[in-house]
Amino acid sequence: MHSFKQPHFHAFRADATALGGFLNQPLQKSIPTLAPVCLPAAGGFASARSEAFNLDEVVSISSAYTLVSGRESREEGAISTLVTAVVENLNILEVVTARRIVAQISVTSPLDGGPQRISLGGSRFEKLRFLGRDASLKVNSGLLNPKPEDGETGSPFTWPSFRKSAGEQAETLINRFTRHADKDASGWAKSRHGWKTGDDRVVRSFVDDVEESAGCSSYGHIVEIPGFGRIFLGELFVSRDSVQLVSIRAELGCPITGVVTGPTAADSGGHGTGSD
């Protein structure tokens, strides 16, 4: 007979997708969600793969894959998850291209209820180009490559440290829009990034800046391409018990309108029952 002495059960909640979105004009079409995968509540491992995909020459990739993994280690006193999503040879209307984009999140949640520790190690853009020109990104090394601390191999960000960093980035972003954009754009930036002290969900990008190239204007991690639309790079949506990384989001604002999202990884923390 199975034992009733198991003191604790954790239900995992993590998922990943490689590509998705929709088109509004000139035709209404959904961009199929490619390589969706969800971690079973009990943990373990799951993966998915998509081969070449092309939607009416608007968006295409050569391949994509996702994976999720989760385990509980009572010896280490923690619950660990890894979520990865990858696309190769992304092409959006010949304006935004990338050889490879990786969204990867690893989360460690102490069984004693301590704060989650989150790392983005492995997340990156390879050969990202706008209008045929290489995009030079200034990434936040503190998020992507945490420095050793207290004898550990790394110091992933926690909710308090992330919230402080997100506030600093939001202030910089709003100031840049205020100085260099029109009134409507400035108001948009304040409504999207002017979150308050009491908010329990904040946004921050691991991309701090994009070097402007011919035909483009950048505001931190947000790139405006006239006649094409707006690109958001490396955005993280974080609360006390969840994190979602959307590696790239393209809001099309040309004769073709719609939204394309690239590799996305999310961990919602899950929940436990019982006690130690």
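The values are calculated or read from the model by the stated rules, or taken from the named source; none is laboratory data. Quantities reported herein were computed from a predicted structural model and do not represent experimental measurements. FYI the Cβ positions are ideal-geometry reconstructions off the backbone, even for glycines, and counts take in every protein chain you see.
Odds and ends about this structure:
- Taking the criterion of being on the phi > 0 side of the Ramachandran plot, in a strand (DSSP E or B) and modelled with pLDDT under 95, the only residue of the stretch 20-50 that qualifies is G44.
- When the residues of the stretch 223-268 are filtered to those that are outside any strand (DSSP E or B) and within 15 Å of the chain's Cα centre (by Cα), the one that is nearest to H10 (Cα to Cα) is S268.
- Residue match in the stretch 96-109 (condition: farther than 24 Å from L252 by Cβ and of a type in the set (D, E, K, R)): no
- Selection status of E76, out of contact with any Gly (no Cβ under 8 Å at 6 or more places or on another chain) and modelled with pLDDT of 95 or more: no
- Residue count for the stretch 115-138 satisfying the condition of being under 14 Å from H221 (Cα atoms) and crowded, with 21+ Cβ neighbours inside 10 Å: 4.
- Residue pairs whose Cβ atoms lie under 7 Å apart, separated by 6 or more positions or on different chains, with the first residue in the stretch 219-243 and of a type in the set (A, V, I, L, M) and the second part of a loop (DSSP other than H, G, I, E, B) and surrounded by 22 or more Cβ atoms within 10 Å (Cβ to Cβ), are L233/H221; L236/F206.
- Breaking point among (1) buried (at least 20 other Cβ atoms within 10 Å of the Cβ); (2) modelled with pLDDT under 95; (3) within 18 Å of the chain's Cα centre (by Cα), for R13: (1)
- Index of the failed condition, R204 passing every other in (1) at pLDDT 80 or above; (2) part of a helix (DSSP H, G or I); (3) among the basic types (K, R): (2)
- Enumeration of residues in the stretch 100-127 that are of a type in the set (S, T, Y) and within 11 Å of S80 (Cβ to Cβ): S106, T108, S109, S119
- Among residues of the stretch 129-154, those that are under 21 Å from D209 (Cβ atoms) and either at pLDDT below 80 or part of a helix (DSSP H, G or I) (or both), counted: 7
- Of the residues in the stretch 106-113, none is under 27 Å from V207 (Cα atoms), surrounded by fewer than 17 Cβ atoms within 10 Å (Cβ to Cβ) and either among the charged types (D, E, K, R) or touching a Lys or Arg at 6+ places or on another chain (Cβ under 7 Å) (or both).
- Considered as a group, the residues in the stretch 69-93 that are of a type in the set (D, E) and over 21 Å from the mean Cα position of the chain (by Cα) include one that is surrounded by the most Cβ atoms within 10 Å (Cβ to Cβ), and that residue is E72.
- Lone qualifier among F53, F4 - being at pLDDT below 95 and more than 26 Å from I118 (Cα to Cα): F4
- Conditions (1) surrounded by fewer than 23 Cβ atoms within 10 Å (Cβ to Cβ); (2) modelled with pLDDT of 90 or more; (3) at positive phi; (4) not aromatic (F, W, Y); number of the one not met by G234: (1)
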